[in-house]
Structure formats: structure tokens, C-alpha cells
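J.: Sharing a structure with you now.
The values are calculated or read from the model by the stated rules, or taken from the named source; none is laboratory data. No experiment lies behind these values; they were computed from the predicted model shown. For neighbour counting, all protein chains shown are included, and Cβ atoms are generated from backbone atoms with ideal geometry for every residue, glycine included.
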Amino acid sequence: MVFEKLKDLIVKQMGVDRDSITLDSDIFDDIGADSLDIVEMLMDVESQWNIVVDDSEILGFRTVGDVVKLVEQKIAK
Amino acid sequence: MILFFVRADVDSDRFVKHCYAHYRDIMRQYNPNLPPQVRILREEGKKPRLDTDEAYFNLSHSHGLSVLAISHAPIGVDVEMVRPIDFAKFDFISAENEQDFFEQWTQRESYVKFTGEGLGAMRKQPPADAHFEHFDVFDGYHVCVCAEEQNVTAYEMNAEDID
């Protein structure tokens with residue numbers, strides 16, 4: 001399940017409480033990620049699911065749900 | 001340019017308005033056109049800005065430190081908490097050591113904040129004529145500002161005054 005694995009990655013990177021992460025969690029404001037955290041997590045996402053995330057695809061990313069949606073779209077192909 | 005620091009996560013809009021009032025107090029003698037009140041405009045695909053051409057702002061946060069830059073001209077700012085990092089995996093940046101990595105990272109990030117392009121443009125090298133100022137602040141944070149050459153002053157604000 002993409003959301004569950006993504007929560008693992010977020011907890012590993014940010015050390016936040018796993019139960020506090022929801023699909024609506026804002027990556028910057030709720031999770032507290034800075035730009036470096038975001039890019040590191042994206043690199044982990046890419047290797048976790050063996051996908052490539054284009055630079056243009058992360059424009060407008062705000063929530064955990066945005067990331068889940070993108071990963072699900074890519075692995076469906 | 002004035003850099004405002006606060007060692008807290010504060011509401012962005014309140015932080016900008018609070019600091020703008022200070023900026024105006026200080027800068028009015030040089031620019032009497034600075035409006036007494038400002039609003040923050042947020043448009044899809046563009047970086048947030050003030051509803052005036054007399055001042056520009058940019059905001060950055062990293063792990064408990066927030067930085068706001070206000071200037072008469074467009075600016076980009078990035079702050080990063082310096083922490084252990086496997087910088088080799090960032091293949092688009094070749095760094096000799098951690099300090100070098102954070103300098104390069106904040107430089108690129110401040111440039112994409114300046115242009116408003118967003119994180120997606122981090123892989124590109126900023127142009128050679130872009131101007132940057134680097135600072136190490138508060139024991140463990142690195143800040144870079146991208147803007148035309150100008151004086152920089154910095155203030156630390158109290159979170160209680162803002163929220």
C-alpha cells in the first residue's frame with residue numbers, strides 16, 4: 001500500500017509520529033519538511049518504487065496525498 | 001534588505017505583516033512611498049508577493065528557524081539546518097564536504113526562490129551573474145540570499161510578538 005510505505009519513508013526522514021501522518025498532512029507545515037528533506041524523500045520514493053519523478057511533476061506538491069497520487073499513477077503504468 | 005529571523009514556526013502571513021511594519025519604519029526615510037499596510041497575494045503558479053511594487057519578500061523555514069527577507073527589489077532566501085547528510089547521492093551537486101554541500105544547496109534554492117520556479121529547478125546551475133550572500137547563523141543553520149547587491153541588516157524577532 002503506497003500510503004503505508006510512504007509513511008515509513010516520512011518517519012525515517014523526519015522522525016515524526018507515524019499516527020500523525022494523514023493524506024491531508026501538509027508536507028511543509030504539518031510534517032515540517034524543509035527543501036532538503038523533500039528532495040531526499042523524493043529520491044527515496046524513486047528508489048522505493050523504481051520510478052522517476054520529473055522535476056516538473058513536483059510543482060504544487062503540498063500534501064502527503066499529492067505524493068501518494070503521483071506514485072500510484074506512475075506504478076499503474 | 002532586512003532579514004528577520006524567528007526561532008519558531010510562526011504563521012507566515014502574520015510574520016510578513018509584522019516584519020513589514022518594522023521594515024517600513026526603518027526604510028521610510030529612504031522610500032516614503034512604502035504603503036502603511038500590505039496584503040499578501042497568492043496566485044497559482046507564482047510565488048507569493050506583496051500588493052505593492054515598493055517592497056518584495058521571500059520566506060524560508062528549516063527545523064525551527066524561520067527567515068523572512070524584505071527588500072526594495074525581488075529576492076530569494078533559503079535557510080537549512082546543517083545536519084549529517086549523504087551528499088554524494090545528490091548527483092546534480094558536486095560537493096567536497098558537508099559545509100560545501102549546504103552552501104551550494106542554499107545557493108541553488110535561493111535562486112529558485114528568487115525566480116519563483118520552485119523546487120523542480122534545483123538541478124540547474126544558477127547563472128554566473130546571479131548575486132548571493134551567505135551567512136552562518138544561530139549555530140547550525142546556513143542561510144543564502146539571492147538578490148541584486150545591496151546592504152543587508154538582520155534582526156531577531158520574538159515569536160510571542162508575532163502570534
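J.: Restricting attention to the range B:136-155, report how many residues are without any contact (Cβ under 8 Å) to a residue 60 or more places away in the chain and within 28 Å of B:TYR30 (Cβ to Cβ).
T.: Matching residues across the range B:136-155 total 1.
J.: Considering only the range B:64-88, state which residues are away from chain A (no Cβ under 14 Å) and surrounded by fewer than 16 Cβ atoms within 10 Å (Cβ to Cβ).
T.: Once the filter is applied, which keeps residues that are away from chain A (no Cβ under 14 Å) and surrounded by fewer than 16 Cβ atoms within 10 Å (Cβ to Cβ), the range B:64-88 yields only B:ALA73.
J.: For the range B:47-59, name all the residues that are free of Cβ contacts under 8 Å to residues at least 60 places away in the same chain and either buried (at least 18 other Cβ atoms within 10 Å of the Cβ) or not polar (S, T, N, Q) (or both).
T.: B:PRO48, B:ARG49, B:LEU50, B:ASP51, B:ASP53, B:GLU54, B:ALA55, B:TYR56, B:PHE57, B:ASN58, B:LEU59
J.: Looking only at the range B:13-49, count every residue that is among the hydroxyl-bearing types (Ser, Thr, Tyr) and touching a strand residue (DSSP E or B) at 6+ places or on another chain (Cβ under 6 Å) and tell me the total.
T.: Total meeting the criteria: 1.
J.: Please pick out the residue among A:VAL16, A:VAL2 that is touching a helix residue (DSSP H, G or I) at 6+ places or on another chain (Cβ under 7 Å), more than 18 Å from B:SER62 (Cβ to Cβ) and modelled with pLDDT of 90 or more.
T.: One residue alone meets the criteria, A:VAL2.
J.: Can I ask one more? Tell me which of these A:SER56 doesn't satisfy, since it passes every other one: (1) of a type outside the set (Lys, Arg); (2) surrounded by 17 or more Cβ atoms within 10 Å (Cβ to Cβ); (3) facing chain B (nearest Cβ under 8 Å); (4) part of a helix (DSSP H, G or I).
T.: (2)
J.: Kindly indicate the residue of the range B:90-124 that is more than 14 Å from chain A (Cβ to nearest Cβ) and touching a helix residue (DSSP H, G or I) at 6+ places or on another chain (Cβ under 9 Å) and also farthest from B:ALA8 (Cα to Cα) among those meeting that condition.
T.: B:SER94
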